[in-house]
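The values are calculated or read from the model by the stated rules, or taken from the named source; none is laboratory data. What you are looking at is a predicted structure, and each value in this text was computed from that prediction instead of being measured. Note: ideal-geometry Cβ built from the backbone for every residue, glycine included; neighbour counts use all protein chains shown.
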Amino acid sequence: MSGLHWFITKSGYKVLRRVIMRKDIMSAEWMQTDLHPFDERGKTALAALFYKRFRDTIDEEYDSKNAYLGEIQDVLDGKYGLFLPSCSYFSQTSEGINGVTMVTLFRSVPLLAYVVTAPEWQGKGVATSLIQSSEQALVRLGYEALYLVVTKQNYRARSLYRTLGFREAGEDWDAVSGREKQK
């Protein structure tokens, strides 16, 4: 699987370059206490969050809440490996869900399949809290690294991930997973 990702949009083909990032999580950092463990019953609200967050951005892949609901179900069903609900969280305010992490076990390594924050909550620490809570849960399970895949042109997300300690590992899962096995 290479870092080149393409799909069909309303206006034709869209081609994106994606990069795999890795972070060592040898010790757990703090855990935000007002986060909630992932709950499958909130899929509809999550689909609305995904649609709101990705609409008209470089990462928009679907054109409806229903399509995002299908993607969320696909993640739960193993599209990116075994879903780890004990390492996945959501944040909520009185207005609804404002952020979520969905962590899977992809090719035997933890993958942050999704971290999504409502646009009005970006830059307020929601994603950081969610990611750090997922990291802490993974450490408790004995994992030492967390991976994610991000669109190269999503500079804001890449900057956040670098600030949190993630480093680029490559664009090809076969090469990245081969290096992981050598450790």
Here are some residues: Arg22, Arg18. Which one is at pLDDT below 90, closer than 15 Å to Leu112 by Cβ, surrounded by 15 or more Cβ atoms within 10 Å (Cβ to Cβ) and within 16 Å of the chain's Cα centre (by Cα)? Arg18
Do the conditions hold for Leu46, that is, is it more than 18 Å from Tyr161 (Cα to Cα), among the hydrophobic types (A, V, I, L, M, F, W, C) and surrounded by 21 or more Cβ atoms within 10 Å (Cβ to Cβ)? yes
Here are some residues: Val109, Val100, Val176, Val139. Which one is over 19 Å from Asp59 (Cβ atoms) and in contact with a Phe, Trp or Tyr (Cβ under 7 Å, 6 or more places away or on another chain)? Val109
For segment 79-107, the count of residues that are outside any strand (DSSP E or B), over 11 Å from the mean Cα position of the chain (by Cα) and closer than 13 Å to Leu141 by Cβ equals 4
Condition first: surrounded by fewer than 16 Cβ atoms within 10 Å (Cβ to Cβ) and closer than 15 Å to Asp24 by Cα. Can you find one or more residues in segment 168-178 that meet it? yes
Would you point out the residue of segment 123-153, among those that are in contact with a helix residue (DSSP H, G or I) (Cβ under 8 Å, 6 or more places away or on another chain) and assigned to a loop (DSSP other than H, G, I, E, B), that is surrounded by the fewest Cβ atoms within 10 Å (Cβ to Cβ)? Leu141
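Yes/no matrix, rows are residues, columns are (1) among the acidic types (Asp, Glu); (2) under 24 Å from Val176 (Cβ atoms); (3) in contact (Cβ under 8 Å) with a residue 12 or more places away in the chain; (4) in contact with a strand residue (DSSP E or B) (Cβ under 9 Å, 6 or more places away or on another chain):
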site	(1), (2), (3), (4)
Ala47	no, no, yes, no
Glu60	yes, no, yes, yes
Gln92	no, no, yes, yes
Glu95	yes, no, no, no
Phe106	no, yes, yes, yes
Thr117	no, no, yes, yes
Trp121	no, no, yes, yes
Lys124	no, no, no, yes
How many residues does segment 83-101 hold that are of a type in the set (Phe, Trp, Tyr) and within 13 Å of Glu135 (Cα to Cα)? 1
Output the number of the condition that Pro119 fails; it satisfies all remaining conditions of (1) closer than 14 Å to Ser88 by Cα; (2) more than 15 Å from the chain's Cα centre (by Cα); (3) not small (Gly, Ala, Ser). (1)
